[in-house]
Amino acid sequence: MDQWFHIKLENRETEALLLKKGVEIPSCEVTFPRLLAWIESKGIRHGIRNEVLSLVAENLESFVFPAEIANGKLPRDGESARLIPSLTNEKKIDTDENVKLNFKRLFTIPTAEFGEIVARKQNATEGIPGISVFGKVIPSKKGKDLAVKNGENTVYNESEQCVYASASGEVTFQNNRVNIYPVYRVDGDVSLKTGHIDFVGNVHITGDIPSGFKISAKGDVRVEGVVEAADIISDGSVIIGGGVLGQGKGTVRCGGDFTSLYISQGNVYAKGTIRVEQTILHSHCEAGSTITCTSGKGNISGGTCIAGKGISANNIGNETNSKTLLYIKTNDRMEKEIIHHEQKILELEKNLEKLNHLKIVLIQKNTEQQTINRIVNTISQSQQEISAHRTEIEKYKNSLQSSININGTLHPNVEISIGKYKRKIQSSYIAAKVFIEEKEIVVHTL
């Protein structure tokens with residue numbers, strides 16, 4: 001069988017593919033029992049697909065290779081430890097575009113009283129091991145632990161794994177700590193009476209922020225009304241119950257997440273996520289993580305959106321084909337690692353082709369079995385190295401896996417960049433996913 005077939009291993013040896021070599025196979029030489037015995041002689045024991053082997057043996061001339069002849073199971077890594085809030089940050093709202101919204105009260109404010117439990121630590125979980133087609137256990141990784149630290153006005157109790165409030169105030173969650181800040185509250189609009197605001201805690205404004213005003217906060221900034229061409233700088237998150245009417249001048253910068261009803265001609269920069277309930281129009285938005293606009297109209301039209309991980313919207317662009325720029329940042333170092341492993345695979349595959357040819361020649365010349373076995377062992381080692389490089393590529397690709405998801409329509413004149421690759425959309429697509437495949441941007445309709 002060695003002169004007619006070879007086995008390719010993928011996904012950390014959890015998939016075995018049977019490939020046919022470019023040589024003629026004598027009739028009746030390939031039967032199910034012989035094929036099964038040959039596969040088992042290669043050490044493959046787990047998840048052998050007998051029905052596929054039968055099809056290969058019975059339809060050798062017409063069968064389309066490669067054939068998946070065995071399946072294992074990839075390991076599933078455990079979930080990392082995290083802090084689970086004991087408070088409700090938001091109230092559930094109906095964001096259907098046909099339902100009238102109370103813009104002033106899109107979000108509730110999380111607050112805590114002295115001595116109250118504000119968060120609990122959820123421990124990391126063990127992973128689930130996998131198994132290769134050789135029957136070997138593939139170990140899984142336990143989720144990463146989280147070293148919870150005391151935040152502003154909070155105390156972490158190690159034995160109870162709870163975070164307690166040591167003061168009353170508004171609650172801000174940040175990765176491995178919870179902060180409780182005092183609140184600077186403005187009842188109504190920011191005005192000449194209040195002036196610019198610079199506060200070491202959270203800022204809560206029940207009205208609007210007109211053009212020209214500046215708000216700075218160490219904690220979160222929450223605005224129940226509309227933000228015009230004003231400047232907001234927050235170390236925490238920014239939540240705007242109304243929307244942003246930036247007029248191309250105002251800027252919002254936050255160290256956490258940004259949430260708003262809409263953004264129109266605004267400039268928003270968030271280290272976390274940007275979540276907009278309705279529309280992003282002719283604005284410049286940059287998020288370290290994701291940009292999401294999937295409620296109501298869920299439209300991104302005009303301007304530029306830049307995200308570290310992905311962009312999701314109901315509709316992107318519009319019927320008048322306004323120029324819209326979308327950019328997904330990627331990690332250059334990871335891309336270089338992928339290229340490195342791809343080059344190694346090409347070298348190994350060329351060498352493997354020569355080794356297989358040499359093995360056939362040695363068999364035809366009735367060379368002693370010991371010499372042939374050495375070649376077979378070298379071939380097996382090369383296949384394992386190729387598999388290891390492919391595993392590394394998949395690992396890096398998973399880290400880089402980012403996409404643009406459109407539930408409704410992707411309109412023409414939308415320019416999409418993912419890393420160094422760029423594509424201009426020339427025609428409309430309905431329900432599509434945009435991602436990198438084979439070093440080019442593809443649009444896949446769902």
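Scanning the stretch 288-313 for residues that are within 14 Å of the chain's Cα centre (by Cα) and in a strand (DSSP E or B) yields Thr290, Ile291, Thr292, Ala307, Gly310, Ile311, Ser312.
A Cβ distance below 6 Å, combined with a sequence gap of six or more or placement on separate chains, defines the contacts here; from the stretch 289-318, residues that are crowded, with 18+ Cβ neighbours inside 10 Å reach residues that are of a type in the set (Phe, Trp, Tyr) and part of a strand (DSSP E or B) in the pairs Ile306/Tyr327. Is it the case that Thr206 is at pLDDT 95 or above and out of contact with any Pro (no Cβ under 9 Å at 6 or more places or on another chain)? Considered against the rule, which asks whether it is at pLDDT 95 or above and out of contact with any Pro (no Cβ under 9 Å at 6 or more places or on another chain), Thr206 comes out as no. Scanning the stretch 245-255 for residues that are crowded, with 23+ Cβ neighbours inside 10 Å and either within 19 Å of Ser289 (Cα to Cα) or in contact with a helix residue (DSSP H, G or I) (Cβ under 9 Å, 6 or more places away or on another chain) (or both) gives Val252, Cys254.
Restricting the first member to the stretch 428-446 and to residues that are closer than 16 Å to Asn299 by Cα, and the second to residues that are outside any strand (DSSP E or B) and open to solvent by less than 60 Å² (accessible area, probe 1.4 Å), the beta-carbon pairs closer than 9 Å and six or more apart or on different chains are Ser428/Gly317; Ser428/His411; Ser428/Pro412; Tyr429/His411. Of all residues in the stretch 199-212, those that are in contact (Cβ under 8 Å) with a residue 60 or more places away in the chain have Cβ atoms under 6 Å from Cβ atoms of residues that are part of a strand (DSSP E or B) and surrounded by 16 or more Cβ atoms within 10 Å (Cβ to Cβ), 6 or more apart or on another chain, in His204/Val183; His204/Arg222. Scanning the stretch 230-244 for residues that are in a strand (DSSP E or B) and buried (at least 24 other Cβ atoms within 10 Å of the Cβ) yields Ile232, Ser234, Val238, Ile239, Ile240, Val244.
When the stretch 60-79 is filtered for residues that are open to solvent by 60 Å² or more (accessible area, probe 1.4 Å) and part of a loop (DSSP other than H, G, I, E, B), the ones remaining, listed by number, are Glu61, Ser62, Val64, Pro66, Leu74, Asp77, Glu79. Considering the stretch 215-238, the residues that are more than 16 Å from Thr111 (Cβ to Cβ), of a type outside the set (A, V, I, L, M, F, W, C) and touching a Lys or Arg at 6+ places or on another chain (Cβ under 6 Å) include one that is modelled with the highest pLDDT, namely Asp231.
Residues are listed down the side, and each one gets a yes or a no for (1) over 42 Å from the mean Cα position of the chain (by Cα); (2) more than 21 Å from Asn11 (Cα to Cα):
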residue: Ile345; (1), (2): no, no
residue: Asn356; (1), (2): no, yes
residue: Lys359; (1), (2): yes, yes
residue: Leu362; (1), (2): yes, yes
residue: Thr367; (1), (2): yes, yes
residue: Arg374; (1), (2): yes, yes
residue: Ile379; (1), (2): no, no
residue: Gln383; (1), (2): no, no
residue: Glu392; (1), (2): no, no
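Taking the criterion of being in a loop (DSSP other than H, G, I, E, B), modelled with pLDDT under 90 and either over 22 Å from Ser289 (Cα atoms) or open to solvent by 80 Å² or more (accessible area, probe 1.4 Å) (or both), the residues of the stretch 388-446 that qualify are Gln401, Lys420, Glu438, Lys439, Leu446.
The values are calculated or read from the model by the stated rules, or taken from the named source; none is laboratory data. Computed from a predicted model, the values in this text were never measured in an experiment. Cβ coordinates were reconstructed from backbone atoms using ideal geometry, including for glycine residues, and neighbour counts include every protein chain displayed. Ligands, DNA and RNA are excluded from the accessible area calculation, which covers all protein heavy atoms including side chains. Shrake-Rupley method; radii C 1.70, N 1.55, O 1.52, S 1.80 Å.
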